[in-house]
Amino acid sequence: MSRPFRKIALVAVGLIVAYAGWIGVSLLFLPSVAPLANPRTSVVITVKDWNRKDHPFVLGPRNRFWTPVSAVPACLKKAVIAAEDANFYAHEGVDYEAIKEAIKTDLQKGKFVRGGSTITQQVAKNVFLSREKTISRKIKELVLARRLDDTLSKSRILELYLNSVELGPMVYGVGRASQYYFGKPPSALTVRESAFLASMLPGPKMYDPYRKLNRVVRRSDRILRRMFAAKMITGEEYKGALAESPNIAGLERKVETTMAAPPPEENPPVPLPSIGPAPLDSPPGKEAGPEAPGGPEEPPDAALNRRS
């Protein structure tokens, strides 16, 4: 090897070592996940609207649309797991097999076409990290996901996920989405409506029921097939769901209004967090009650493949 190439190689190795060292140091300063174990905790995180502007968002009981996991119907929990993370109850926050398959698919396609993130990883990203696609952020996400799985119950992780996911323009959380699309609380959702919401989880812009209703319905059909194949729903429930047409009347007006000006309740009078979630005081006079029996700690009857 000639001297110039040797120098280039040494510089490249030095940069890689320095970058790895920088990532290692940054991991030492990751925020603690322990406060999230308290169901009374509310934190302020940063979310974006469809114009890419940052907004503060309250995640916890201080949000008027907060939905405890015990109030989420079983069909919605199952639809979300079928759509996003079939091995949610089996892995320890990170599904390494899914990551391997995602990398393989991306290499074959020559672009990022498939993710490998678990529900736990998405909670880590939504609560603690930015949305930038970098190696350092992904490593932090993996570390935080393992910590979340070690510290929180599966029920609590699912609760945080369901209340922080984006399901429309400034529509975050299933409580808000259920009212926004169907005018009812999550507890009243049907199997079809649950699959309909779950079908938007890869991204409500890609699966926008206002502009691409047929695409959303087709994906919800696939989710229903997965649920039936895994015996999450009965044959009668499956047929009934396929025959049902989601009632999303007035959606055009809602979407246009929300994009023009996010509703006041989605702009809480709190400052944007600088680094990580900013905790708020627990709501006065509210004690966390016991979780309802038959909650999501029971895994599905059969595993599903990762989302298509």
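Quick note: the coordinates plus some simple rules give every number you see, no bench work behind them. Nothing here was measured: the structure is a model prediction, and the numbers come from that model. In this analysis, Cβ positions are derived from the backbone assuming ideal geometry, glycine residues included, and neighbour counts consider all displayed protein chains.
The table for this structure:
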{"read-out": "Cross-link pairs Lys53/Lys205; Lys184/Lys231; Lys77/Lys104; Lys100/Lys125 - those with Cα-Cα distance over 18 Å", "value": "Lys184/Lys231; Lys77/Lys104; Lys100/Lys125"}
{"read-out": "³J(HN,Hα) computed for each position of region 182-199 - Karplus, 6.51 cos²θ - 1.76 cosθ + 1.60, integer Hz, glycine/proline x", "value": "10, x, 8, x, x, 4, 9, 5, 7, 4, 4, 5, 5, 5, 4, 5, 4, 5"}
{"read-out": "Difference of contour (0.36 nm per residue) and Cα-Cα distance, Lys184 to Arg131", "value": "16.0 nm"}
{"read-out": "Extension gain, Thr151 back to Ser70 (0.36 nm per residue minus Cα-Cα distance, nm)", "value": "27.2 nm"}
{"read-out": "Residue-span extension gain [Arg215 to Arg52] - 0.36 nm each, minus C-alpha spacing", "value": "56.3 nm"}
{"read-out": "Label-point separation, Ala37 to Thr234 (7 Å along Cα→Cβ), nm", "value": "4.0 nm"}
{"read-out": "Residues with amide H under 5 Å from that of Ser42, placed H, sequence gap 5 or more", "value": "Leu280"}
{"read-out": "Integer Hz, Karplus 6.51/-1.76/1.60 couplings in order for region 70-78, x for Gly and Pro", "value": "5, 9, 8, x, 4, 5, 6, 4, 5"}
{"read-out": "Alpha-carbon spread of region 134-233, three principal axes, descending order, Å", "value": "37, 31, 26"}
{"read-out": "Sites Ser245 and Tyr96 - FRET efficiency at Förster radius 51 Å, r taken between beta-carbons, to 0.05", "value": "0.80"}
{"read-out": "Low-density loop cleavage sites - trypsin sites (Lys or Arg not before Pro) in region 60-105, where at most 16 other Cβ are within 10 Å (DSSP)", "value": "Arg64"}
